[in-house]
1. Inside segment 1-15, can you point out the residues that are open to solvent by 80 Å² or more (accessible area, probe 1.4 Å) and either more than 22 Å from the chain's Cα centre (by Cα) or among the hydrophobic types (A, V, I, L, M, F, W, C) (or both)?
2. Within segment 42-82, track down each residue that is hydrophobic (A, V, I, L, M, F, W, C), more than 16 Å from residue 110 (Cβ to Cβ) and in contact with an Asp or Glu (Cβ under 8 Å, 6 or more places away or on another chain).
3. Considering only segment 3-37, state which residues are under 20 Å from residue 90 (Cβ atoms) and either charged (D, E, K, R) or touching a helix residue (DSSP H, G or I) at 6+ places or on another chain (Cβ under 6 Å) (or both).
4. Kindly list the number of the only condition in (1) more than 21 Å from the chain's Cα centre (by Cα); (2) part of a loop (DSSP other than H, G, I, E, B); (3) free of Cβ contacts under 8 Å to residues at least 12 places away in the same chain that fails for residue 24.
5. Regarding residue 96, is this residue of a type outside the set (Ser, Thr, Tyr), assigned to a loop (DSSP other than H, G, I, E, B) and surrounded by fewer than 13 Cβ atoms within 10 Å (Cβ to Cβ)?
6. Being in contact with an Asp or Glu (Cβ under 9 Å, 6 or more places away or on another chain) and charged (D, E, K, R) narrows it down to one of 95, 136, so name that one.
7. Looking at 82, 68, which is the one that is open to solvent by less than 50 Å² (accessible area, probe 1.4 Å) and not in a helix (DSSP H, G or I)?
8. Only residues that are surrounded by 12 or more Cβ atoms within 10 Å (Cβ to Cβ) and in a loop (DSSP other than H, G, I, E, B): list them for segment 112-138, please.
Amino acid sequence: TKELYAEAYRNGYTDDEIIPIQRTESAIKFAESERRSIQELYNILDTHPIECVICRELSRIARRPDVLYSVRDKLIQRQVQLIICNPYMKLLDDKGKLSQTANIMFSLFGSIAESEMAIKIERFKEGKIRKKNAGKWAGGFLPFGYSFDPDTHDIFVIPEQRDVIINS
């Protein structure tokens, strides 16, 4: 947040001109219409004279290309500058048109964000399979009569429910 405010100040904005959107939500799971932060951004764009949106990283907007490009296109259509702090990029040139350099960077870093998430999801799946094969709890619901040790994640039968499990 400090980094974003500092960038806003560098661009001449004051505290009363800054409208923060601070939500934690999946940047890959949800469609554009399900992302509350994006819907909040669109609502602000509809109700306030916004000149600029500042974001820490492109992946914070979205990791799905369809969502990312939709947000980009809405900002371009309204001639709202998008500043990405890391790596630094301004979407629009001085004439309010899409900067070709920014367009290339946007595409590249959007693809990297999507790829990173795909790799992360695959690693999570592999990790869950490894834990399951080792007899460890890997999240989700356990069948009736089973629990897990929160320290070791070892799965065990609940003694009071042993008869129900064996007889079923």
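The values are calculated or read from the model by the stated rules, or taken from the named source; none is laboratory data. Everything numeric here is computed off the predicted structure, so don't read it as measured data. Neighbour counts are summed over all protein chains in view; Cβ atoms, including those assigned to glycine, are modelled from backbone coordinates with ideal geometry. Ligands, DNA and RNA are excluded from the accessible area calculation, which covers all protein heavy atoms including side chains. Shrake-Rupley method; radii C 1.70, N 1.55, O 1.52, S 1.80 Å.
1. To start, the set of residues in segment 1-15 that are open to solvent by 80 Å² or more (accessible area, probe 1.4 Å) comprises 1-2, 9-10, 15.
Selection gives 9, 10, 15.
2. As a first pass, look at segment 42-82 and keep what is hydrophobic (A, V, I, L, M, F, W, C): 44-45, 50, 52-55, 58, 61-62, 67-68, 71, 75-76, 80, 82.
Still in the running and more than 16 Å from residue 110 (Cβ to Cβ): 44-45, 50, 52, 54, 80.
Of everything in segment 42-82, those that are hydrophobic (A, V, I, L, M, F, W, C), more than 16 Å from residue 110 (Cβ to Cβ) and in contact with an Asp or Glu (Cβ under 8 Å, 6 or more places away or on another chain) turn out to be 54, 80.
3. 3, 7, 10, 17, 18, 19, 21
4. Result: residue 24 passes all but (1).
5. Details: of a type outside the set (Ser, Thr, Tyr): yes; assigned to a loop (DSSP other than H, G, I, E, B): yes; surrounded by fewer than 13 Cβ atoms within 10 Å (Cβ to Cβ): yes.
Judged against the criteria, residue 96 is a match.
6. On the way: 95 fails: in contact with an Asp or Glu (Cβ under 9 Å, 6 or more places away or on another chain).
Sole residue among the options that is in contact with an Asp or Glu (Cβ under 9 Å, 6 or more places away or on another chain) and charged (D, E, K, R): 136.
7. Working: 68 fails: not in a helix (DSSP H, G or I).
Going through 82, 68 in turn, just one is open to solvent by less than 50 Å² (accessible area, probe 1.4 Å) and not in a helix (DSSP H, G or I): 82.
8. 137, 138, listed by residue number.
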